[in-house]
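Participant: Before I ask anything, let me first share the structure, which is written out below as structure tokens.
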Amino acid sequence: MSTTVTWNGMDDCRDLFARLREQTDDLRPILNTIGHELTESTKTRISDEKASPEGVAWAPLEPEYAARKRQHSSGGILVYVGNLLNSVTYNVSPTKVRVGSNEVYANRHQQTRPYLGVSDNDANAINQFIRDALGE
């Protein structure tokens with residue numbers, strides 16, 4: 001993947017992950033769940049919310065470009081034919097999950113209109129997934 005944001009359970013979920021690691025060495029099942037959640041929330045940001053993971057609305061398109069784009073696409077910001085949207089995926093290793101896109105222009109978009117990352121809603125969902133895995 002050329003553009004990724006890595007989330008390995010360190011932020012608000014550090015204690016929960018530490019407890020889960022005490023129960024298992026194989027974090028892949030929970031990381032797959034987290035990867036799926038982050039992939040879906042990223043796609044929602046691109047297709048519907050048009051805002052960063054922090055909830056900051058993306059800058060509007062330049063008027064001239066927006067006019068040209070409307071002639072070929074109705075997808076709005078970061079959606080032309082859907083390549084970026086459809087390319088968002090995740091990879092899991094034994095200890096981390098990486099969410100991103102392999103589109104060559106993905107990094108440029110991430111810098112100007114951040115779409116990858118962990119929102120507060122994502123963090124809450126992840127915490128709940130881990131609690132469920134811990135049987136809480």
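Participant: Inspect all residues belonging to segment 12-26 and state whether any of them is open to solvent by 40 Å² or more (accessible area, probe 1.4 Å), in a loop (DSSP other than H, G, I, E, B) and touching a helix residue (DSSP H, G or I) at 6+ places or on another chain (Cβ under 7 Å). Break it down into steps so the answer makes sense when it comes.
Facilitator: Quick first cut of segment 12-26, residues open to solvent by 40 Å² or more (accessible area, probe 1.4 Å) only: 12, 14-15, 18-19, 21-26.
Subsequent filtering for residues that are in a loop (DSSP other than H, G, I, E, B) retains 12, 24-26.
Filter once more, keeping what is touching a helix residue (DSSP H, G or I) at 6+ places or on another chain (Cβ under 7 Å): 12.
Taking every residue of segment 12-26 in turn, at least one turns out to be open to solvent by 40 Å² or more (accessible area, probe 1.4 Å), in a loop (DSSP other than H, G, I, E, B) and touching a helix residue (DSSP H, G or I) at 6+ places or on another chain (Cβ under 7 Å).
Okay, residues lined up against (1) modelled with pLDDT under 95; (2) outside any loop (DSSP other than H, G, I, E, B); (3) out of contact with any Asp or Glu (no Cβ under 9 Å at 6 or more places or on another chain):
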{"site": "Ser41", "(1), (2), (3)": "no, yes, no"}
{"site": "Pro60", "(1), (2), (3)": "yes, no, yes"}
{"site": "Ser73", "(1), (2), (3)": "yes, no, yes"}
{"site": "Asp122", "(1), (2), (3)": "yes, yes, no"}
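Participant: Please find, among Ile126, Ile77, the residue that is at pLDDT below 95 and under 30 Å from Asp15 (Cα atoms).
Facilitator: Only one candidate passes the filter, namely Ile126.
Participant: Kindly provide the set of residues from segment 55-72 that are without any contact (Cβ under 8 Å) to a residue 60 or more places away in the chain and in contact with a helix residue (DSSP H, G or I) (Cβ under 9 Å, 6 or more places away or on another chain), ordered by number. Step through it out loud before you land on a result.
Facilitator: Initially, segment 55-72 is screened for residues without any contact (Cβ under 8 Å) to a residue 60 or more places away in the chain, giving 56-72.
Within segment 55-72, Ala57, Trp58, Ala59, Pro60, Leu61 qualify.
Participant: Which residue, of Ser101, Ser93, is hydroxyl-bearing (Ser, Thr, Tyr) and in contact with a helix residue (DSSP H, G or I) (Cβ under 7 Å, 6 or more places away or on another chain)? Steps first, answer last, please.
Facilitator: Details: Ser93 fails: in contact with a helix residue (DSSP H, G or I) (Cβ under 7 Å, 6 or more places away or on another chain).
Step by step, each of Ser101, Ser93 is checked, and only Ser101 is hydroxyl-bearing (Ser, Thr, Tyr) and in contact with a helix residue (DSSP H, G or I) (Cβ under 7 Å, 6 or more places away or on another chain).
Participant: Turning to a different aspect of this structure: So, in segment 83-111, how many residues would count as being under 22 Å from Ala59 (Cβ atoms), open to solvent by less than 20 Å² (accessible area, probe 1.4 Å) and not in a helix (DSSP H, G or I)?
Facilitator: Qualifying residue count for the region: 3.
Participant: So, one more: Can you tell me which condition Asp132 does not meet? The list is (1) farther than 18 Å from Arg14 by Cα; (2) over 13 Å from the mean Cα position of the chain (by Cα); (3) not in a loop (DSSP other than H, G, I, E, B); (4) not aliphatic (A, V, I, L, M), and all the others hold.
Facilitator: So the condition that Asp132 fails would be (1).
Participant: Which residues, taken from segment 112-121, are more than 12 Å from the chain's Cα centre (by Cα) and open to solvent by less than 70 Å² (accessible area, probe 1.4 Å)?
Facilitator: Arg113
Participant: Same structure, new question: Looking at Val97, Val88, can you tell me which residue is touching a strand residue (DSSP E or B) at 6+ places or on another chain (Cβ under 6 Å) and either over 13 Å from Lys43 (Cα atoms) or at pLDDT below 90 (or both)?
Facilitator: Numbers: Val88 fails: either over 13 Å from Lys43 (Cα atoms) or at pLDDT below 90 (or both).
Among Val97, Val88, only Val97 is touching a strand residue (DSSP E or B) at 6+ places or on another chain (Cβ under 6 Å) and either over 13 Å from Lys43 (Cα atoms) or at pLDDT below 90 (or both).
The values are calculated or read from the model by the stated rules, or taken from the named source; none is laboratory data. It should be emphasised that the depicted structure is a prediction, and the values quoted were computed from it without experimental measurement. Virtual Cβ from ideal backbone geometry, glycine too; neighbours counted across all protein chains shown. Just so you know, the surface numbers come from the protein's heavy atoms only, side chains and all, with ligands and any DNA or RNA stripped out. Shrake-Rupley method; radii C 1.70, N 1.55, O 1.52, S 1.80 Å.
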